1. Which residues, counting only those in segment 56-76, are surrounded by 18 or more Cβ atoms within 10 Å (Cβ to Cβ), within 26 Å of Gly122 (Cα to Cα) and not hydrophobic (A, V, I, L, M, F, W, C)?
2. Suppose we filter Glu189, Glu184, Glu226 for residues that are at pLDDT 95 or above, closer than 30 Å to Asp107 by Cβ, among the charged types (D, E, K, R) and more than 17 Å from the chain's Cα centre (by Cα); which single one remains?
3. Out of (1) over 20 Å from Thr27 (Cβ atoms); (2) modelled with pLDDT of 95 or more; (3) not hydroxyl-bearing (Ser, Thr, Tyr), the odd one out for Gly168 is which?
4. Among the residues of segment 189-243, which ones are small (Gly, Ala, Ser) and not in a strand (DSSP E or B)?
5. Which members of segment 41-67 meet the condition of being within 12 Å of Leu108 (Cα to Cα) and in a loop (DSSP other than H, G, I, E, B)?
6. Can you find a residue that is touching a helix residue (DSSP H, G or I) at 6+ places or on another chain (Cβ under 7 Å) and without any contact (Cβ under 8 Å) to a residue 40 or more places away in the chain anywhere in segment 160-181?
7. In segment 20-40, which residue that is surrounded by fewer than 17 Cβ atoms within 10 Å (Cβ to Cβ) and outside any helix (DSSP H, G or I) is modelled with the lowest pLDDT?
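The values are calculated or read from the model by the stated rules, or taken from the named source; none is laboratory data. Note that the structure is a prediction, hence the values are computed from the model and not measured. Quick reminder, even Gly has a Cβ in these numbers, built from the backbone with ideal geometry, and neighbours come from all protein chains shown.
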Amino acid sequence: MNDPQKYVWDRLWSQEVSYHWDSLSQTIYETIGRLIGDVTGKTVLEAGSGTGKISLRLAMEGANVTLVDYSKKALDNSHLAFRRKNRNGRFLLSDIRNIPVPDDTYDLTWNAGVLEHFDFAGKVAVLQEMARVTKPGGMVITFVPYAKCLPYRVGKAFAEANGIWMYGREDPVDTLQNEFHTSEIRLLEEFPIGFINSLDFLDFIPQSQPVKQWIGQWYQTLTDEERSLFPGYLLVTAGTVGH
């Protein structure tokens, strides 16, 4: 596959991958739980699975998980992590725009940090495929960098300007409502999460640690209403499928 983005991921996943449970993974995991409830016995597909860290956690909670990625290196890492935890999963090497799975298979199809690497048509192609493999009444959930999150945008801009951004093309979004509508996924909710996680992007900027620490401490003193004025790193878009 002559895809520059694939080479980006193959290079990243060829390096040592940490399966340490981190704050961002916890934020995504908690959001999935809030949206779909108990995952025990549910069928879950992660379309563009990367490390598969959160899918592993869902498997440990009793979900039947399938990981799909077009990077063999990513899937090899995930397979090893599952084996070390004595957990089962299904691992599919595939472009997520053409997943080798029958229609109406999964209760939840989701991904995080994937759609921002596609243009509008590419996003729709991925979402349509995610919808196809999701059961009627099942959910599609995406987590995408949010264009209105200032710390993320500042850190990313600095990294790109200085040639140290390692994630290839990445276009943050302010909504995926049009993409969901075009893909015939009925929108349920759309909201940002993870402001504290967005501060990690300031690490690209030299000597930013004192500012990062102070912002984090200040943010903790705010009321929920005040915090809502400062959007988080990821935009969550959740919808349901009805074939």
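1. Our first condition is that a residue be surrounded by 18 or more Cβ atoms within 10 Å (Cβ to Cβ); within segment 56-76, this holds for 56-59, 63-71, 74-75.
Okay, now just the ones that are also within 26 Å of Gly122 (Cα to Cα), so 65-71, 74-75.
Hits for segment 56-76 are Thr66, Asp69, Tyr70, Ser71.
2. Result of the check over Glu189, Glu184, Glu226: Glu184.
3. With (1) over 20 Å from Thr27 (Cβ atoms); (2) modelled with pLDDT of 95 or more; (3) not hydroxyl-bearing (Ser, Thr, Tyr) applied to Gly168, the lone miss is (2).
4. Step one: filter segment 189-243 for residues small (Gly, Ala, Ser), giving 194, 198, 208, 216, 228, 232, 238-239, 242.
Within segment 189-243, Gly194, Ser198, Ser208, Gly216, Ser228, Gly232, Gly242 qualify.
5. Within segment 41-67, Gly41, Lys42, Ala63 meet the criteria.
6. Yes, because at least one residue in segment 160-181 is touching a helix residue (DSSP H, G or I) at 6+ places or on another chain (Cβ under 7 Å) and without any contact (Cβ under 8 Å) to a residue 40 or more places away in the chain.
7. Filtering segment 20-40 for residues that are surrounded by fewer than 17 Cβ atoms within 10 Å (Cβ to Cβ) and outside any helix (DSSP H, G or I), the one modelled with the lowest pLDDT comes out as His20.
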